[in-house]
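Data block below; observations after.
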Amino acid sequence: MKIKVVIHDAEEGGFWAEVPSIPGCVTQAETFDELLGNIYEAVEGCLSVDLKDIELTDKARVLEIAV
């Protein structure tokens, strides 16, 4: 999966980034290298789903796909 990320210079120094295709998915860091790591963590956190909070029937199937 490829996701576009918009990186901004922060007014107070450092950087912040947003992922337009995932509303609310943002992160920040002091250095560009730190920001890159934070972006991966932010996307993973925004896309992760805890199945214990979802009611599944006996006929339900859970699939994990890569796009």
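Miscellaneous remarks
- Alpha-carbon gyration tensor eigenvalues x 5, square-rooted, for the range 17-56, Å: 26, 11, 6
- A helix-only calculation puts the chain at -8000 deg cm²/dmol for mean residue ellipticity at 222 nm, using -39500 (n - 2.57) for each DSSP H run of at least four residues, averaged over all residues.
- Residue-count net charge about V43 - beta-carbon cut-off 14 Å; Lys, Arg +1, Asp, Glu -1: -1
- Normalising the average separation of contacting C-alpha pairs (under 8 angstrom, six or more residues apart) by the number of residues puts the relative contact order of the chain at 22 percent.
- Rolling a 1.4 Å probe over the protein heavy atoms gives the chain an accessible area of 89 Å² per residue.
- Of (1) 1.41; (2) 1.45; (3) 1.02, the label for Cα Rg over 2.2 N^0.38 Å derived from the coordinates: (2)
- Size of electric dipole in the chain: Cβ of Lys, Arg +1 and of Asp, Glu -1, about Cα centre, debye, nearest 20: 520 debye
- Taking 0.36 nm per residue of sequence separation and removing the Cα-Cα distance, the A10/E34 pair yields an extension gain of 7.3 nm.
- In plain terms, the chain from E44 to D58 could stretch by 2.2 nm, reckoned as 0.36 nm per residue minus the Cα-Cα distance.
The values are calculated or read from the model by the stated rules, or taken from the named source; none is laboratory data. This one's a predicted model, so the numbers in the text were calculated from it and none came from an experiment. As a convention, Cβ positions derive from the backbone with ideal geometry for all residues, glycine included, and neighbour counts pool all protein chains shown. The protein model used for the area step is the full one, side chains on, heavy atoms only, and it has no ligands, DNA or RNA in it. Shrake-Rupley method; radii C 1.70, N 1.55, O 1.52, S 1.80 Å.
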